[in-house]
Structures are given as structure tokens and as C-alpha cells.
Ligand SMILES: C[S@@+](CC[C@H](N)C(=O)[O-])C[C@H]1O[C@@H](n2cnc3c(N)ncnc32)[C@H](O)[C@@H]1O
């Protein structure tokens, strides 16, 4: 089910860019096919860290790539997706891998979930941070640190030589320091893929 929020804070340019879900799915098969280490790496991380009954929020869920990975990782709990492209959300909805899908900006969804007293255990934010400027990224990190009960996994895209992680358009690049300078008390960060100078998949977990 797709829920359209009032004050959804949709960026029309991003929605337009993601108006062709089938084209996106073809692109993701080409760039993130089985040979791309992100595929197995993400499933392994989800299997090892995300408990089967965790409530997982997938930010910028697109056509549902992470929802499918959660299924492969034997996740059985509630899955909530959020995206600012309605065509992408419709494609994700057709997979049946999310219980709820919100049409809104990634920060806006936290406000909605707080209002409903929905508690998020884990959040995923894959191939999405390149669309956030520095201020929006800091806002999103604050929401993640305050709302996620167990952890979150975030990719910081770049066009690295190995194409481990990339966005379709790299609007804003963020460094490891940009992100980890903001590490909140009671949290730790681990590099799952890439290295601190380049392409990264980061896992944040609570230590308290
Ligand atoms: C490259 S796709 C990634 C989709 C999915 N996470 C995946 O790994 O296949 C980026 C998605 O993020 C969405 N997006 C970008 N900025 C967003 C924002 N601020 N809030 C919600 N969705 C956003 C786009 O609409 C698009 O569907």
C-alpha cells in the first residue's frame, strides 16, 4: 500500500529523473549484477546484523532492491519503504516485499512514523545519499541516530574504478569524515565495503 503524505517535500527533479522504473531495474542489473560485491556484501550484512523480526525502514527504496535483499536474508519482520518517486514506489509495491510504502522525502517519513508511534529497529539508505546536499545529509543522520533502535546501513556513492557502489547521477559526494564527524554518542561505525578514502558502505550500530 502506498501512502501519500501531505507536506511530502517531493523534489520534482528527482521524481522526474526516476520516472522509468523498468529502465532503473535494467541499469541495476547491469551495474549491480551478481558479480558486484555489493550484492553479496549487503545480503551478508543483513543476515548477520538485522534480526529476523526487526522493523526495517528502507529510505529511497526505489523499485525495491533492498526489500528483495531482506527477503534473501530471511528477514520476516515489518518492512516500510519511502521514496519521492511514485513510479518507483508502484514498482516496489508490485513486488509485495513492503508492508507500507510512503511517498515522501526521507526525513519527512520519520515525523510520520513518530506520530504513529512506529518504532524503527533498522534503516537502510542505499544509493540515495548522492541526492542529499550536506545540510540534508546532516538532517537525515540526526533522524537516523535518534530514531533507529538498533542500527542503519548507508552507502556513500562514488564512481570508483570497481563500480562497487554508484548512483545514476552523482550530485553530491560525501566523505567518510563528513559523515563520521557527526557520529552520535552511543553509536559505532564499521566500513562494510570500500575504504575510508573512496567508495563506502557503512554500518552504524548502537553500543549503548
Ligand atoms: C539510485 S535509486 C536507489 C534505489 C534503491 N535504494 C536501490 O538501492 O536500488 C535512488 C532513489 O532514491 C530516491 N530519493 C532520492 N532522494 C530522496 C529523498 N530525499 N527522499 C526519498 N527518496 C529519495 C529516488 O527517488 C530514487 O528512487
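Things worth noting here:
- Checking residue 50 against (1) within 14 Å of the ligand (Cβ to nearest atom); (2) within 15 Å of the chain's Cα centre (by Cα), the condition it does not meet: (1)
- Only residues that are within 13 Å of the chain's Cα centre (by Cα) and closer than 17 Å to residue 136 by Cβ were counted across the range 68-108, and they come to 6.
- Any hit, the range 55-63, residues being closer than 20 Å to residue 95 by Cβ, touching a residue at least 40 places away in the same chain (Cβ under 8 Å) and more than 12 Å from the ligand (Cβ to nearest atom): yes
- Counted residues, the range 5-19 - those being closer than 11 Å to residue 88 by Cα, surrounded by fewer than 16 Cβ atoms within 10 Å (Cβ to Cβ) and touching a helix residue (DSSP H, G or I) at 6+ places or on another chain (Cβ under 7 Å): 1
- Considered as a group, the residues in the range 111-146 that are in contact (Cβ under 8 Å) with a residue 60 or more places away in the chain, in contact with a strand residue (DSSP E or B) (Cβ under 8 Å, 6 or more places away or on another chain) and in a helix (DSSP H, G or I) include one that is nearest to the ligand (Cβ to nearest atom), and that residue is 140.
- The number of residues in the range 15-37 being at pLDDT below 80 and more than 9 Å from the ligand (Cβ to nearest atom) comes to 7.
To keep it simple, each residue is scored yes or no on (1) modelled with pLDDT of 90 or more; (2) loosely packed, with under 13 Cβ neighbours inside 10 Å; (3) over 26 Å from residue 15 (Cα atoms).
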position: 163; (1), (2), (3): no, no, no
position: 168; (1), (2), (3): no, no, no
position: 171; (1), (2), (3): no, no, no
position: 187; (1), (2), (3): yes, no, yes
position: 191; (1), (2), (3): no, no, yes
position: 194; (1), (2), (3): no, no, yes
position: 197; (1), (2), (3): no, yes, yes
position: 200; (1), (2), (3): no, no, no
position: 203; (1), (2), (3): yes, no, yes
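The values are calculated or read from the model by the stated rules, or taken from the named source; none is laboratory data. This structure is a prediction, so every number in the text was calculated from the model and none was measured. All Cβ positions, even for glycine, are placed from backbone atoms using ideal geometry, and neighbour counts span all protein chains on display.
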